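Remarks on the structure that follows.
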Amino acid sequence: MNFLLTEDQELFRRTVREFAAREIAPVAAEHDEAETYPAENVRKMGELGLMGLTVPTEYGGAGAGAIEYALAMEEVARACAAHSVVLTVNVSLVCEPIYKFGTDEQRERFLPRLTRADIVGSYCLSEPRSGSDARNMETRAERDGDHYILNGTKNWITNGGVAGLYLVYAATDPHGGRIGAFLIEADRPGLRAGAKERKLGIRASSTTQVFLEDCRVPVENRLGEEGDGFKIAMTTLDGGRIGIAAQALGIAQAAFDAAVAYAKEREAFGHRIADFQGLQWMMADMATRIDCARLLTYRAAQLKDRGLPFSKEAAMAKLYASETAMWVTTKAVQIHGGYGYSREYDVQRYFRDAKITEIYEGTSEIQRMVIARHILRD
Ligand code: CAA
């Protein structure tokens, strides 16, 4: 296993880092405070090729691998986690399943617009009464000739209200046993996004409910076969979890960098606070945990790139990186003392943003369940 990035990967990381420092970091606090969606920067991420990073070039993507994707996610999240969730949902949760499970016609119809960020995608699995227990959904897709009629409510939908395309999961039999996946354009009658949720963190991203009210969707918009939906949802989340691990890593890295800079500059009892062993041990533990999270994330990405099974490793990376982000950001606030609690400083934003990485794309408890099932099955 190679622990070092190639020269091209280093160059790619530097390019994304410079882009994020120039375009994203300066507006991150403002978007967070005002809870406004960064449409202009999403367009710029599209121009840079990030919004279709892992999609083959014939469909307008950059044809990059999972390692590059993890690098991009980390760098964007380091500047602003809310920007990075728009990116990860578009790339991992919408473009990738369309490429993997879609027909040529579906790929041609949707991918070029998603990769250019002419539209962004949205992934609709969770519901008011089913989050972790995703299979237990109540949304129904009833077959009516060459259409399906969808009814139900989806919850906590990232990019809700701003997306041009919604990938919606719905049960196709009355008992909910078979699940289908449907590509639904935002302007299709019967699909409606609710009000923007008021969240603790990633406040610049748009999260809404999505209502399906007798929404008629042609059969050619179904992704995969009728009963394939749950497997499509789960395989898609395996890849998505690498993205969230990298997002958590970016948040942790940003908090760590801020804490170290502050510790070197702030004085107490006649010394820089960085000179106190208590803080040094804290910083050493922060750096070590961040590196562990990074290695787990790269391992999962490398397995994915090589076409090997990576479900357990993605769950491990997501679990460890998200808990690291929460732990590191808590310490970073502590190192900043009272200033860490002030909204004038970015470190409180990292702390608020970190929490969601332990919740979405499968809570830490679900990651442990996935890992344990693999251990007991292997
Ligand atoms: N890949 C392929 N197939 C899979 C799979 C995977 N990773 N995981 C499960 N499956 C298959 C199983 O093999 C099984 O197939 P068969 O019926 O042929 O045997 C089928 O799916 C059902 O699997 P399980 O019995 O394991 O299903 P379960 O009901 O026990 O649930 C779970 C498994 C892992 C708990 C799953 O429900 C889960 O991941 N829950 C969390 C959901 C989640 O992550 N939601 C996030 C919402 S999206 C989001 O957050 C996006 C955002 O906005 C950022």
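For Trp327, the shell of other residues with beta-carbons less than 12 Å away shows a net charge of 0, using +1 for Lys and Arg and -1 for Asp and Glu. Mean separation of Cα pairs under 8 Å and 6 or more residues apart, divided by the residue count, gives the chain a relative contact order of 16 percent.
Overall, the accessible surface of the chain at a probe of 1.4 angstrom is composed of carbon and sulfur to the extent of 52 percent. Loop-located trypsin sites (Lys or Arg not before Pro) across region 296-378 with a Cβ neighbour count of 15 or fewer within 10 Å are Arg306, Arg343, with loop assigned by DSSP. Think of a 1.4 Å ball rolled over the protein heavy atoms: region 86-149 then has 43 Å² of accessible area per residue. Residue separation of Phe276 and Met369 scaled by 0.36 nm, minus their Cα-Cα distance, works out to 29.5 nm of gained length. Label sites at Glu40 and Phe269, each approximated as a point 7 angstrom past Cα along Cα to Cβ, lie 4.7 nm apart.
Considering only lysines 8 or more places apart in sequence, or on different chains, count the pairs in the chain whose C-alpha atoms sit under 13 Å apart.
Eligible lysine pairs with Cα atoms under 13 Å apart amount to 4.
For Glu220 and Met234, the difference between the fully extended length at 0.36 nm per residue and the C-alpha to C-alpha distance is 2.9 nm.
Computed about the Cα centre, the dipole magnitude for the chain is approximately 700 debye when only Lys and Arg (+1) and Asp and Glu (-1) carry charge, each at its Cβ. Compare Gly145, Gly243, Gly201 in a GNM of the chain, Cα atoms joined below 10 Å, and give the one with the largest fluctuation. Evaluated over the chain, the most mobile residue of the options is Gly145. Using C-alpha pairs under 8 Å with a sequence gap of at least 6, the mean separation divided by the residue count of region 260-378 gives a relative contact order of 22 percent. Across region 7-119, the relative contact order, built from alpha-carbon pairs under 8 Å that are at least six residues apart, equals 33 percent. A 1.4 Å probe, protein heavy atoms only, puts the accessible area of Asp275 near 70 Å². Remark: region 230-377 carries 47 Å² of accessible area per residue (probe radius 1.4 Å; ligands, DNA and RNA excluded). Dividing the summed helix terms, -39500 (n - 2.57) for each DSSP H run of n ≥ 4, by the number of residues in the chain produces a 222 nm estimate of -16500 deg cm²/dmol to the nearest 500. Going 7 Å from the Cα of Ser132 in the Cα-to-Cβ direction, what parts of region 162-203 have a backbone nitrogen less than 17 Å from that spot? Correct set: none at all.
Between Trp327, Trp281, Trp156, the GNM of the chain built on Cα springs shorter than 10 angstrom shows Trp281 fluctuating the most. Modelled spin-label separation between Asp173 and Asp118, with each label point placed 7 Å from Cα along the Cα-to-Cβ direction: 3.9 nm.
The values are calculated or read from the model by the stated rules, or taken from the named source; none is laboratory data. Predicted, not measured: the structure shown is a model, and the values here were computed from it. A quick note on method: Cβ atoms are made from the backbone with ideal geometry, for glycine too, and the neighbour counts reach across all protein chains shown. The protein model used for the area step is the full one, side chains on, heavy atoms only, and it has no ligands, DNA or RNA in it. Shrake-Rupley method; radii C 1.70, N 1.55, O 1.52, S 1.80 Å.
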